[in-house]
Amino acid sequence: MDTPVKVRVKEITKEFEMYKTRSDKIKALLTPGRSKVPTFWALKGVSFEAHAGEALGLIGINGSGKSTVSNVISGIIPPTSGELEVNGDVSIIAIGAGLKAQLTGLQNIRVKALMSGLTNKEIDQIIQDVIDFADIGDFINQPVKNYSSGMRSRLGFAIAIHQKPDILIVDEALSVGDQTFYEKCMEKMMQFKAEGKTIIFVSHALNQVETFCDRVVWMHYGDVREQGDTATVLDHYREFTTRFNKLSATEKKAYQAQKKEDQKDFSLEELQTRDANDVTPAQASKIFQRNRVGDKMSFSMIVIMLAMLVALFFAARWSVRTLDHQQVVEQAATAQLAATRAAEYREKTALSTPNGQYKIKAEHKVTADDTLADLATKYDVSAARLKAANDLKDDTLTTGRIIYIPYDD
Amino acid sequence: MKDVFIVLREQFTNLGMIVRVSRYDDKATYQSHYLGLIWQILNPIIQVGVYYLIFGMGLYGGREVEGVPFIAWMMLGLTCWFYMSATMLGTSQSIYRQLYLVSKMNFPVSTLPSVNIVSNLTSFWAMLAVTMLTIFSLGLPVSVRWFQVIYFFFCMIVFMFALGIFSATMTVLIRDYHMVLQSVIRLLLYLSGAVWNIRTTALPPKVNAILQLDPVFYVIDGFRKSLFNGSWFWQHPVDMAIFWLITLLLLFIGCHLHIKFRARFVDLA
């Protein structure tokens, strides 16, 4: 084919870990190295291409990996190994997917358009088209949670198609719509094709695939069983389903169990022996290796961060120490200040001596041993002041008398 | 280092989208309320009233703090605090809450914390306006130091983003993280000096010094330094170094975890 390749899927695998509990999953995620959890290979080395202006059908029974491969192409889930080349914007429509249930249809249109980077002006231009295309009447102002599955699919399709993708993946989204809507979508998808865009059409409705798709890929338990022009592949697929349906229930079960077991026992080494001839030796070294999930932190980064941690530690220690020291000093000063203030306050509010000339600092009850000189030294006031404050005529003190000790000037 | 650049580049190339989505978020949140956006200001005002009653009248008995009327001092602290606490909680849940939506489209997930950071700014500006009115009406002096608000605002946004990208990733990986964060934030209201002055001699000096290492305190205290005629920010190089070291470490670890695990977010949804 001469038209440019839009999607190239090469030896893609997807391994799912089958954890029993959620915490197992997180533990495995956070611990380095591989854990020994049972795994399941949803894709076992899938390769196909889709070109510009082509409608590619993806068929297969339930659990064959159609949706998984669609999600890998649209960048939603990362492949475990293999090479994926996508040239252009991908938009995927699955049944009722990616809509916010509590927002109204109109709000959903706007939010999704905003999130895909459109400006409000651009949205104003397309919003009427989207509403017209979805054609769900007054429900456009109702929360999406009240929608029927058909309405959700209509809205989802209308939004996706107006985001002008280069590659459109329709994942069984049309199966819930009625005939009128289906025809409308078909018309739109035909128009897309004519514009040179690529459509990947996932469906169980073989007659739809037959009328619309140029080529078909038949997925079977994680493998591509056959790919080629629509008529041939569909013939073989129909043959298979008729044959399969004729089997007895036990035979069917045994067949399915066998296939599922194969998907559990699969390994990348097995893929390499199987498909080594399909890739160039240069590719082989990389294509059968696991894709790394994010990069490991580089050595220089670890060194920088350790240096920062050490710096932080010392800065914090320095800060705590100086603050500690400063505060001890400050605290002492504050205590001093508080004491002074308290003293001032006491003086201000103290009672006056009976003669009204002095403020009383303290009172002293005279004992037999007390002399005026003793009291003066004890309270740090002059004897003369003591005498004046207490109206004493001479230095003799009567035992039991209350002596007022005055403040200094 | 590459991780940090990837994440930051995604923020700048999608800046227009971030602003538009956050503006829409704001509208959508308050659309079903009769008073609409007024709630963004009414809510904090009510809280300010309660805190003033308890701390201003009760604890401080109407006294000044660091030479500033308590009401102005507290309102400025709370303006920052309301913004930071709401953003810390909001960013933490930003990715988890949208996981279903973004898992069905090709979307730069790392911008979700930024959407929350920008969206919360609306109430921050409103609250700051009320605080400024209060400061003017009290006749506090205007000074050239007010300009350093720009520096501390920058600090606040960078810190919010660093913590946000870290929290958002952690919440998707481990749900309990959000619960822990919630409890910590409840404590931080008191420990970061938003409603009462932790720079007090009533606390043991060691405790006080350790509390002052908190980046949230650095921002709140910085806003107060700027508007209440305190010192210049370069006069405290060690505090500045501590703040930026914590912020950058968070940013590095956050971006690394985000890039490492974001391909698997869908598996965890």
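The values are calculated or read from the model by the stated rules, or taken from the named source; none is laboratory data. Everything quoted here is computed from the prediction, not taken from an experiment. No Cβ is skipped: glycine too gets one built from the backbone with ideal geometry, and neighbour counts run over all protein chains shown. All accessible areas refer to the heavy atoms of the entire protein, side chains included, with ligands and DNA or RNA removed. Shrake-Rupley method; radii C 1.70, N 1.55, O 1.52, S 1.80 Å.
Observations, loosely collected:
- Rolling a 1.4 Å probe over the protein heavy atoms gives the stretch B:32-268 an accessible area of 41 Å² per residue.
- Rounded to 10°, Cα long-axis angle of helix B:176-191 versus longest principal axis of chain B: 10
- Other residues lying with their Cβ under 13 Å from the Cβ of B:Gln31 contribute a combined charge of +1, Lys and Arg counting +1, Asp and Glu -1.
- In terms of Cα atoms, the Rg and Dmax of the stretch A:140-231 work out to 14.4, 45 Å.
- Checking the Cα-Cα distances for A:Lys66/A:Lys264; A:Lys10/A:Lys44; A:Lys112/B:Lys260; A:Lys10/A:Lys260; A:Lys6/A:Lys100; A:Lys100/A:Lys193 against a 20 Å cut-off, the pairs over it are A:Lys112/B:Lys260; A:Lys10/A:Lys260; A:Lys6/A:Lys100; A:Lys100/A:Lys193.
- Dipole magnitude (debye, nearest 20) for the stretch B:97-213, charges at Cβ of Lys, Arg, Asp, Glu: 100
- For peptide A:111-124, the mean count of partner chain Cβ atoms within 10 Å of a residue's Cβ comes to 4.
- Ordered by 1.4 Å accessible area with all protein chains kept, A:Lys361, A:Lys6, A:Lys14, A:Lys20 run largest first as A:Lys20, A:Lys361, A:Lys6, A:Lys14.
- For chain A, a Gaussian network of Cα nodes joined below 10 Å ranks A:Thr21, A:Thr242, A:Thr322 by mean-square fluctuation, and the top entry is A:Thr322.
- Near the amide H of A:Arg215, within less than 5 Å, lie the amide hydrogens of A:Ala55, A:Gly57, all on another chain or at least 5 residues away, with H placed in the peptide plane.
- For chain A, built as a Gaussian network whose Cα springs stay under 10 Å, the top-fluctuating residue of A:Leu268, A:Leu312, A:Leu56: A:Leu312
- Residues in chain A average 53 Å² of solvent-accessible surface per residue, probe 1.4 Å, ligands and nucleic acids excluded.
- Neighbourhood net charge (12 Å Cβ-Cβ; Lys/Arg +1, Asp/Glu -1) for B:Ile242: -1
- Chain A - percent of accessible surface contributed by carbon and sulfur, probe 1.4 Å: 54
- Applying 1/(1 + (r/R0)^6) with R0 = 22 Å to the Cβ-Cβ distance of B:Ser137 and B:Leu35 gives a FRET efficiency near 0.35.
- Each Lys and Arg contributes +1 and each Asp and Glu -1, all at the Cβ; summed about the Cα centre of the protein assembly as shown, the dipole is approximately 800 debye.
- Per-residue [θ]222 nm for chain B (sum of -39500 (n - 2.57) over DSSP H runs n ≥ 4, rounded to 500): -23500 deg cm²/dmol
- Considering only A:Ala160, A:Ala52, A:Ala342, the Gaussian network model of chain A with Cα springs below 10 Å gives its largest mean-square fluctuation to A:Ala342.
- Take the accessible area of B alone and of A alone, subtract that of the pair with a 1.4 Å probe, and the total buried over both chains is about 4800 Å².
- Taking a straight line from the alpha carbon of A:Lys348, these lysines sit under 23 Å away, with near neighbours fewer than eight places off in the same chain left out: A:Lys359, A:Lys361, A:Lys378, A:Lys387.
- Dipole of the stretch B:32-268 [Lys/Arg +1, Asp/Glu -1 at C-beta], most positive-end residue of B:Ser32, B:Leu128, B:Gln98: B:Gln98
- Whole-angstrom gap from the stretch A:151-182 to the stretch B:132-207, using each part's C-alpha centre: 47
- Solvent accessible area, Å² - A:Leu106, 1.4 Å probe, full protein context: 60
- Solvent-accessible ranking of B:Val216, A:Val329, largest area first, probe 1.4 Å: A:Val329, B:Val216
- Computed over the stretch B:32-268, Cα set: Rg, Dmax in Å: 18.8, 58
- Legend: mean number of C-beta atoms from other chains within 10 angstrom of residue C-beta atoms, peptide A:306-316, equals 4.
- Accessible surface comparison of A:Leu103, B:Leu53, probe 1.4 Å, protein chains only, largest first: the order is B:Leu53, A:Leu103.
- Annotation: amide H-H contacts under 5 Å for A:Gln289 (H modelled 1.01 Å from N, sequence separation of 5 or more, or interchain): A:Gly82.
- The label point for B:Gln182 and the one for A:Phe240, both projected 7 Å from the Cα toward the Cβ, are 4.9 nm apart.
- Scattering profile of the protein assembly as shown at q = 0.07, 0.09 Å⁻¹ [log10 I(q)/I(0), Debye over alpha-carbon scatterers]: -0.64, -0.92
- Pair-distance distribution of the stretch B:1-98: all C-alpha pairs, bin width 5 Å, starting at 0; shares per bin in whole percent are 2, 10, 13, 16, 16, 12, 10, 9, 8, 3, 0.
- Residues in the stretch B:195-239 that, when all protein chains are in place, have 20 Å² or more less accessible area than the chain alone would give (probe 1.4 Å): B:Thr201, B:Pro205, B:Lys206, B:Ala209, B:Gln212, B:Leu213, B:Val238
- Full extension of the segment from A:Gln179 to A:Tyr407, taken as 0.36 nm per residue of separation minus the current Cα-Cα distance, would add 71.5 nm.
- Each of A:Met186, A:Ala333, A:Asn87 was scored by the projection of its Cα onto the charge dipole of chain A, and the greatest displacement toward the positive side belongs to A:Ala333; charges sit on the C-beta of Lys, Arg, Asp and Glu.
- Couplings 3J(HN,Hα) for the stretch B:202-216, derived from phi with the Karplus relation 6.51 cos²θ - 1.76 cosθ + 1.60 (θ = phi - 60°), are 5, 8, x, x, 4, 4, 4, 5, 5, 4, 6, 7, 4, x, 5 Hz, where x marks Gly and Pro.
- Other-chain or far-sequence residues with amide H under 5 Å of A:Ile92's (modelled H): A:Ile169
- Estimated FRET transfer efficiency (A:Gln283, B:Tyr151; beta-carbon r; R0 45 Å; 0.05): 0.30
- B:Cys155 contributes about 0 Å² of solvent-accessible surface, heavy atoms of the protein only, 1.4 Å probe.
- Dipole magnitude of the stretch B:32-268, debye to nearest 20 (Cβ charges: Lys/Arg +1, Asp/Glu -1, about Cα centre): 360
- In range of the label at A:Asp374: residues from the stretch A:391-408 whose backbone nitrogen is under 16 Å from the point 7 Å along Cα→Cβ: A:395-404
- Modelled FRET efficiency - R0 35 Å, B:Arg97 with A:Gln326, Cβ distances, 0.05 increments: 0.20
- Compared with the alpha-carbon gap, the fully stretched path from A:Lys20 to A:Glu270 is longer by 87.4 nm at 0.36 nm per residue.
- Projecting the Cα atoms of B:Trp73, B:Gly254, B:Asn116 onto the charge dipole of the stretch B:32-268 (Cβ charges, centred on the Cα centre) puts B:Gly254 farthest toward the positive pole.
- B:Trp73 accessible area, 1.4 Å probe, all protein chains in place, Å² to nearest 10: 0
- Where the Cα pairs of the stretch A:280-409 fall when distances are cut into 5 Å bins, in %: 2, 8, 11, 10, 7, 6, 5, 5, 4, 4, 4, 4, 4, 4, 3, 3, 3, 3, 2, 2, 2, 2, 2, 1, 0, 0
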